[in-house]
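Inspection log for the structure reproduced underneath, given as structure tokens.
Computed from the coordinates by the stated procedures, all read-outs in this text should not be read as laboratory data. What you are looking at is a predicted structure, and each value in this text was computed from that prediction instead of being measured. In this analysis, Cβ positions are derived from the backbone assuming ideal geometry, glycine residues included, and neighbour counts consider all displayed protein chains.
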Amino acid sequence: MKTRINKKSYFLLAILTIFVFSSFMALGKASSHDFTFNIDEFKETIQNSPDDAWKKPAQNRKDTICNKLTELQQLIGEENFEKAYNKLLNDIKPKLTGLKQDEHGITWGNGVFKKPWVTCSDLRAMFLIECDLILDQINPFSVYDDDKTPPIISSPEDIEYEFGSTGNTLVWVVSDEYPNTYEIFMDGESFESGAWESGVSITINIDGFAVGTYEFMIKCDDSYNNIATDNVLVNVIEDDDTSPPTIVIYYLGAGTVNNAGIWIVVVEDLESGIDEIQCFRDGTLVLHEFLNGELLIDRDINVPSTVGVHTIEVIVTNYDKDWENDQETSTKTRSDEIDPFIPPPPPIIPPDTSPPIISCIYIGTSSQNEPGYWHIVGEDQESGIDQVLFIKDGVEEIVFFNGENLVVLDIPVPIAVGTHTIEVTVTNGDGLSETINIETYIEPYVPPPPPIIIG
């Protein structure tokens, strides 16, 4: 978000600067040392500018720029105008203004520095005037016999990556007619050094750092001992999701060949969602889906109706795709034995005095974005199921069956916030009933907080 500084604070200063610059351009320089700029006042203006007009950490960036301006003062005092000019043009001005152009508006590179340290457009405009004033006055007017031009370093933008990610690098390209050596520093300590070739990239790997902010500086010199530097910030942030999906497998059935039943697979990942699910039944793939980030799913897998032990294996990968190899995977297995069906002897069967067996479980997240459903299972092996009556929030509905021994119903839970009730009554073929009640409270939907952007 762009920050606007108080216009009253800088309006007079900006007008005065423009006036001085215009007068100077009209009258010309009295001598090569007749400067009208004041770098100490420039540094004071930078330090007094609002922190919210700078990218974080604001004070660190202000201090770094002021240190660079101090180096610029030293170069000007040594009358090393070529080196001073290139430092201001290639290093200081892009960070303060977001522009890669000289005092005449002639661009170099693509003309734009994508991540300037100053976020306020008014402040960047004021810094542009000051930088161009200095550039115009220190621009060398003669060519020396020996090379006094420092190398030109391409300035990579600041980098941010998640802890644990790979393939993160810093790349500089240095150009000079007389290449020599370079040294890279991390937080002031030597990190790497060697010889460089003009136009050939210098690349370092920055994987594996702990969470935190690191400042890298490259220092390049040529055969005439001209030196150029560039600074880049590397910000390593926490991985936003390190938890794999949760898998639960239920078995519903009688465990016999005539009623082998089903496995109910419930998968949940509320942080990143679900990317892929695979289900293997006795080693054979029977389900393979891509879910595109769904938070909660359930799937029914039939148990084989053959005698023996049968196994289901479920493999689920979440949708955490911030960087390569960032996804987490869970695996869950379950085995159930199916017995042969032995018909009972044909004696007189007494009247059925047992009511049906009924179960009702809630599957969902108890929130408006995933209110879920009630999973109802009714079983009566003696008389079969005649009907199921359910009353949802006071509203009745009846489902009739023709003596089925096992019935399964999924009743959606209302999406409205509050407590919802369901009363389920299962009646068998002999008129015997069993009732179960369940309450479910639905929370209001709370959207996730926005991501925190650092640097």
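Points worth noting:
- This model, with +1 at the C-beta of Lys and Arg and -1 at the C-beta of Asp and Glu, gives segment 144-238 a dipole about its Cα centre of some 80 debye.
- Aspartates and glutamates whose Cα lies under 12 Å from that of residue 114, excluding same-chain neighbours fewer than 8 positions away: 157, 158
- The simple Förster model, with R0 at 25 Å and r as the Cβ-Cβ distance, assigns residue 332 and residue 417 a FRET efficiency of 0.20.
- Residue-count net charge about residue 130 - beta-carbon cut-off 10 Å; Lys, Arg +1, Asp, Glu -1: -1
- Only the Cβ atoms of Lys and Arg (+1) and of Asp and Glu (-1) were treated as charged; on that basis the dipole of the chain about its Cα centre amounts to roughly 2060 debye.
- Amide proton proximity set for residue 192, modelled H, under 5 Å, gap of 5+: 184
- Of the DSSP H helices in the chain, those that are both long (alpha-carbon extent of 18 Å or more along the helix axis) and hydrophobic (Kyte-Doolittle mean at least 1.0) are 7-27.
- Summing +1 for each Lys or Arg and -1 for each Asp or Glu among the other residues whose beta-carbon sits under 13 angstrom from that of residue 389 gives -4.
- For the pair residue 200 and residue 396 in one chain, pulling the backbone fully straight at 0.36 nm per residue adds 62.8 nm over the alpha carbon distance.
- A cut-off under 10 angstrom between Cβ atoms defines the neighbours of residue 220, and their net charge, with Lys, Arg +1 and Asp, Glu -1, is -4.
- Extension reserve of the residue 70-residue 215 stretch, reckoned as 0.36 nm per residue once the Cα distance is removed: 50.3 nm
- Estimated FRET transfer efficiency when R0 is 60 angstrom, pair residue 434-residue 163 (beta carbons, to 0.05): 0.65
- In this structure, residue 409 and residue 52 have a Cβ-Cβ separation that, at R0 = 56 Å, corresponds to a calculated FRET efficiency of about 0.45.
- Given the alternatives (i) 25, 50, 23, 3; (ii) 18, 33, 19, 18, 10, 2, 0; (iii) 21, 47, 27, 5, 0, P(r) over Cα pairs in 20 Å bins from 0, in percent as computed for this entry is given by (ii).
- Residue pairs, from the table 56/219; 62/321; 219/321; 93/321; 55/87; 332/392, whose Cα atoms sit over 28 Å apart: 62/321; 219/321; 93/321; 332/392
- Placing a label point 7 Å from the Cα of residue 305 along the Cα-to-Cβ direction, the residues of segment 252-284 whose backbone N falls under 19 Å of that point are 252-264, 281-282.
- Rel. contact order, % - alpha carbon contacts under 8 angstrom, at least six apart, the chain: 9 percent
- Helix-only mean residue ellipticity at 222 nm for the chain, each DSSP H run of n ≥ 4 adding -39500 (n - 2.57), per residue, nearest 500: -5500 deg cm²/dmol
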